[in-house]
Every structure is written in C-alpha cells, then in structure tokens.
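The values are calculated or read from the model by the stated rules, or taken from the named source; none is laboratory data. What you are looking at is a predicted structure, and each value in this text was computed from that prediction instead of being measured. Positions of Cβ are generated from backbone atoms using ideal geometry, with glycine treated the same way; all protein chains shown enter the neighbour counts.
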Amino acid sequence: MASMRDIKRRKGSIQSTQQITKAMKLVSTVKLQRAKQRAEQSKAYFNCMYETVTSMLAKTGNLNHPYLQKGESGKKAVIVITSNRGLAGGYNSNVVKLITQGGFKKDELEIYAIGKKGKDALNRNGYHIMEENSEIIEEPSYVDAMAISNKLLGAYAAGEISEIYLAYTGFKNTVVHVPTLLKLLPVEAPAQEQAEKEPESKAMMNFEPEDDEALDMIIPKYVTSLIYGGLVEAVASENGARMQAMDSATSNAEEMIDHLSLMYNRARQGSITQELTEIIAGANAIS
C-alpha cells in the first residue's frame, strides 16, 4: 500500500492538473460561443452555395469546361483542416483518418495542411506536405480562403492536379462534430439525385453570358465559399471538442481525488491504529 506521503503528493499533482483542465474548459467555452455564432451565420450561405451550384450543373447537360473535367495528372490535392493544439479528444485524429483510411494512395496525394496537428500526423505517415498554412486556423477569413482557392485553381487549370478535396470537421451542434471529406473539383453534378428531388423541372440551364464565362466566375466563388465554410466550422468543432475533453478530464480528476482522499484516510487510520497498538503493547510490557 502506498504511503501517506505518496498519496498526498499524487493528490496534489492531480489537483493542479484539475485546475488547468477547468481553466481550459472555460477558455474553450468562451471561444466556442463566438465560433458557434460565426459558423451558424455562415452555414446557410455555405449550404446554399453548394446546393445551388450542383443543382445548376445538373441542368446544364454535358459541358466541356476545365472545372467539370478530371485532369490527367493523377495528382489529388487535399486541404486538411485540423488544429494547432491538442487536448481536443479525437478531433484531429478523426480528420487524419479521412486521409489515411480513405482509400487514397500516398504517392497520388498532395497535402495542403491548415493546422500543425494534421500536418505532423500525415508527415509521420509518409504523406507529401505540399504546403502548410497553420496560422490561418487561428482566425480564418474569407480572404485566406480565397488565396488558397486561387492557388489550387491555378494548379488545376495548369494540369498539375486532377482533383481537389477538402477534409474538415463539420459543426452540427456543441456535442456533435462530423469529420467530412468533400470533393471540390471537378464539380460533380448529381443529375440523378437532382432529378428525383425536382422531377417537374425539365428545362435546361441557359447561361448569359456564355457558359464558359459564367462558370469561370461561379466556380471560383463556389470553391472559396466551401473552403471558408470548412474553416469556420472546423474552428467551432475544435473548441467544442476541447470543451468536452476538458470537461471529461475535470470529472475524471475529481473522481481520482475522491479515491485518493479515501485511500489517504484509510492509511491515516491504519497508522493511528498501529501507533495505539504499539503504545498499549509498550505499556503492558512495562507493567
């Protein structure tokens, strides 16, 4: 059985850790409120942009446009959004699993990492990190999303990459966060699904100006909007995951402290009983 000194030292250590987890939970709670509001405000635009563009393309027929055609390079660019800090439960590892267990080949992927945790994990697993922009996740903006979008669209148009994916954590509510792998380019028009949803709509989509010019304007905004939406939802999900992890850690610490307090009291009681026994035994020996 551990000595009273060892138990007291361990209890003090856990109490110090508990103070840290409580503080981190409070910080994450405050950050979550702001990030949650931002994510909820942008979600409607995020979803509307995705549904509008895919719906529009479902009605266009077969268009010969670079953004709708798969390139021949065989390279796939994946924007991986994770956090710069840990202590968020399985938040980062779940996003990394989208890549490592997603059926991709390592030699065909080029990782554009946003967040140090994802970059480090994928680098350890042998994936090629094409670029890292970890500072973006601290305070994401539409301008940041546009810069990433323009860079990837340029590489796509030049034939350097043939597909673009976005791996992030979708924010559903405070406790539910969904790791999501979304294909950005080439845009796939869900014609069959759209036809089932809108069987009465038979008219083809007409563009003014010409379809190429219109798509050159629409698709970059579409890609930028999805990247920005992914960034905003990832920030909210990160803080929600960290708040839950720290709440769980605080509760576990409380249980360990109660258990150690019981062990300490038992050890103290045993020590007192032993001292009394020794005193009585000594008194009997003298008499």
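Just one of the numbered conditions (1) of a type outside the set (Phe, Trp, Tyr); (2) under 14 Å from Ser225 (Cα atoms); (3) free of Cβ contacts under 8 Å to residues at least 12 places away in the same chain is not true of Gln19; which one?
(2)
Among (1) under 30 Å from His128 (Cα atoms); (2) surrounded by 13 or more Cβ atoms within 10 Å (Cβ to Cβ); (3) modelled with pLDDT under 95; (4) within 18 Å of the chain's Cα centre (by Cα), which single condition is Ser141 missing?
Among (1) under 30 Å from His128 (Cα atoms); (2) surrounded by 13 or more Cβ atoms within 10 Å (Cβ to Cβ); (3) modelled with pLDDT under 95; (4) within 18 Å of the chain's Cα centre (by Cα), the lone unmet condition for Ser141 is (2).
Just wondering, is there one or more residues in region 32-39 that are part of a loop (DSSP other than H, G, I, E, B) and either in contact with a Lys or Arg (Cβ under 7 Å, 6 or more places away or on another chain) or not aliphatic (A, V, I, L, M) (or both)?
To start, the set of residues in region 32-39 that are part of a loop (DSSP other than H, G, I, E, B) comprises none.
Looking for residues that are part of a loop (DSSP other than H, G, I, E, B) and either in contact with a Lys or Arg (Cβ under 7 Å, 6 or more places away or on another chain) or not aliphatic (A, V, I, L, M) (or both), one finds none in region 32-39, hence no.
Looking at region 53-84 only, could you name the residues that are without any contact (Cβ under 8 Å) to a residue 24 or more places away in the chain and farther than 22 Å from Leu152 by Cα?
Step one: list which residues in region 53-84 are without any contact (Cβ under 8 Å) to a residue 24 or more places away in the chain, which gives 62, 64.
Matches in region 53-84: Asn62 only.
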